[in-house]
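Visitor: My questions all concern the structure below.
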Amino acid sequence: MYDLIIIGSGPAGLSAAVYGKRAGLKLLVLEKNPMSGGQVLNTYEVDNYLGMPGMNGFDMGMQFRQHADSLGVEFREAEVSAIEDKGDKKVVHTDREALETKAVILATGAVHAHLGVPGEEELSGMGVSYCATCDGAFFKGRTVAVVGGGDVALEDAIYLARACEKVYLIHRRDELRGAALLQEELKALPNVELLYSHVVEEILGEDAVEGIRIRDLKTGESSQLSVAGVFIAVGIRPGTELVRELTACDEGGYVLAGEDCATQMPGLFVAGDVRRKPIRQIVTAVSDGANAAVAAGVYCRGN
C-alpha cells in the first residue's frame, strides 16, 4: 500500500514527487514514456522560468528528474488503464499490475492538436510552437503566422502583434470562431493580416522555420509566405480520460479543482495541464505539483 501514486512525470508530476518525498510519503511515480519531462523535452529553449533564462528544454527536464532521483523517488514505467475508487483506498490498474494507494495525483498533461503537415514535427521547437506566451519573445521584430480561429488563436495573434513586425492569422473557415471582443481587438491591429479559407500545406525550412506553403480553399491556389515562426492553435486535449467518470470536468475535459488541486473525489488530486486554470506554463505546473503533494499529504494523515 502506497501513500501516494503520481501518474505522469512532467514538471507537475516531478514537483509533486519532490514535495511528497520530502514530506515522508511512501510514493510511486508511474510514467508511460521511457523518459520523464513531458512536453518540456521537446522545447528548444525555455526563457521564462525564473532563474533559468535560455535553458534548453531537454536539459531542464533532465534536471527536474535528477532532483527527484537524488531524493530516492521510486519510478516505474507503466501505462495506467484505470483508477478504481474504493473509499479509503484507490486501486491504480496498469498494463502490468494493480497497485493500492491512499491518494492519487493525476499529472498526465495535455496534448496539442497538430496540423499533420510536412515540416511540422521536424521543426517543432525550431520555429513551430504551440504556445505563444512561451515562445513569442523569441520572434520580436519578425514575421510569424498563427493557425486557428478560436479564442486561443486570436489571443495568440494579439499577443504576438505587440512584439512582432507582422502576424498572419490563417483560418480554414470564412469567419472566426473566437469571442466578438477578441475579433474586434484583433481586426484593429495594423500589423495583423487575416487569411480566411486558407490551410497550411507545408512548413518550410531546414534547421529553422523559413516559411509556409498555404492553399486557398476557394480557389485551390497555393502560395508561400516568408515567416520565422508558426504558432499552431487548433485545439488541445487534456489527458483526463482516466478520471472523467470519477470527478467533475469542464466542457473541454479539464478537471475542476482549486489551488489545492483537490478534486470532488476524496483522495484524487490533479496537477499541471489537466487542471482548469487560466495559464498553463512550466511554472504553474511545478506550483500545482507542490500544492497537490501537500494536500495529498494532509489527506493521507487523516486517512
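The values are calculated or read from the model by the stated rules, or taken from the named source; none is laboratory data. Computed from a predicted model, the values in this text were never measured in an experiment. Note that each Cβ is placed from the backbone with ideal geometry, even for glycine, and that neighbours are counted across all protein chains shown.
Visitor: Could we say that Met60 is in contact (Cβ under 8 Å) with a residue 60 or more places away in the chain, under 16 Å from Thr284 (Cα atoms) and either of a type in the set (D, E, K, R) or in the same structural domain as Lys90 (by TED's automatic domain parsing) (or both) here? It would help to see each step written out before you state the result.
Guide: Details: in contact (Cβ under 8 Å) with a residue 60 or more places away in the chain: yes; under 16 Å from Thr284 (Cα atoms): yes; either of a type in the set (D, E, K, R) or in the same structural domain as Lys90 (by TED's automatic domain parsing) (or both): yes.
So Met60 passes the test.
Visitor: Confirm whether Ala137 is part of a helix (DSSP H, G or I) and surrounded by 18 or more Cβ atoms within 10 Å (Cβ to Cβ).
Guide: The answer is no for Ala137.
Visitor: Moving on. Which one of the conditions (1) over 19 Å from Val152 (Cα atoms); (2) modelled with pLDDT under 95 does Gly235 fail to meet, given that it meets all the rest?
Guide: (1)
Visitor: Do the conditions hold for Arg280, that is, is it in contact with a Gly (Cβ under 9 Å, 6 or more places away or on another chain), crowded, with 20+ Cβ neighbours inside 10 Å and of a type in the set (Lys, Arg)?
Guide: Values: in contact with a Gly (Cβ under 9 Å, 6 or more places away or on another chain): yes; crowded, with 20+ Cβ neighbours inside 10 Å: yes; of a type in the set (Lys, Arg): yes.
Against the criterion (in contact with a Gly (Cβ under 9 Å, 6 or more places away or on another chain), crowded, with 20+ Cβ neighbours inside 10 Å and of a type in the set (Lys, Arg)), Arg280 qualifies.
Visitor: Right, another one. Of the residues Glu84, Glu31, which single one is among the acidic types (Asp, Glu) and touching a helix residue (DSSP H, G or I) at 6+ places or on another chain (Cβ under 9 Å)?
Guide: Exactly one of Glu84, Glu31 is among the acidic types (Asp, Glu) and touching a helix residue (DSSP H, G or I) at 6+ places or on another chain (Cβ under 9 Å), namely Glu31.
Visitor: Check every one of the strands (runs of 3 or more DSSP E) wholly within segment 186-303 and list those with 2 or more residues that are more than 22 Å from Ser36 (Cβ to Cβ), of a type outside the set (A, V, I, L, M, F, W, C) and in the same structural domain as Asp151 (by TED's automatic domain parsing).
Guide: 198-204, 211-216, 222-225
Visitor: Any residue that is among the charged types (D, E, K, R), at pLDDT below 95 and either closer than 20 Å to Ala271 by Cα or over 22 Å from the mean Cα position of the chain (by Cα) (or both) - is there at least one of those in segment 95-108?
Guide: Looking through segment 95-108, at least one residue is among the charged types (D, E, K, R), at pLDDT below 95 and either closer than 20 Å to Ala271 by Cα or over 22 Å from the mean Cα position of the chain (by Cα) (or both).
One line per residue, one yes/no per condition, for (1) modelled with pLDDT of 95 or more; (2) aliphatic (A, V, I, L, M); (3) closer than 30 Å to Glu202 by Cβ:
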site	(1), (2), (3)
Val230	yes, yes, yes
Val243	yes, yes, no
Ala248	yes, yes, no
Glu251	no, no, no
Gln264	yes, no, no
Gln281	no, no, yes
Asp288	yes, no, no
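One line per residue, one yes/no per condition, for (1) of a type in the set (Asp, Glu); (2) surrounded by fewer than 16 Cβ atoms within 10 Å (Cβ to Cβ):
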| residue | (1), (2) |
| --- | --- |
| Gly24 | no, yes |
| Val46 | no, no |
| Gln66 | no, yes |
| Asp69 | yes, yes |
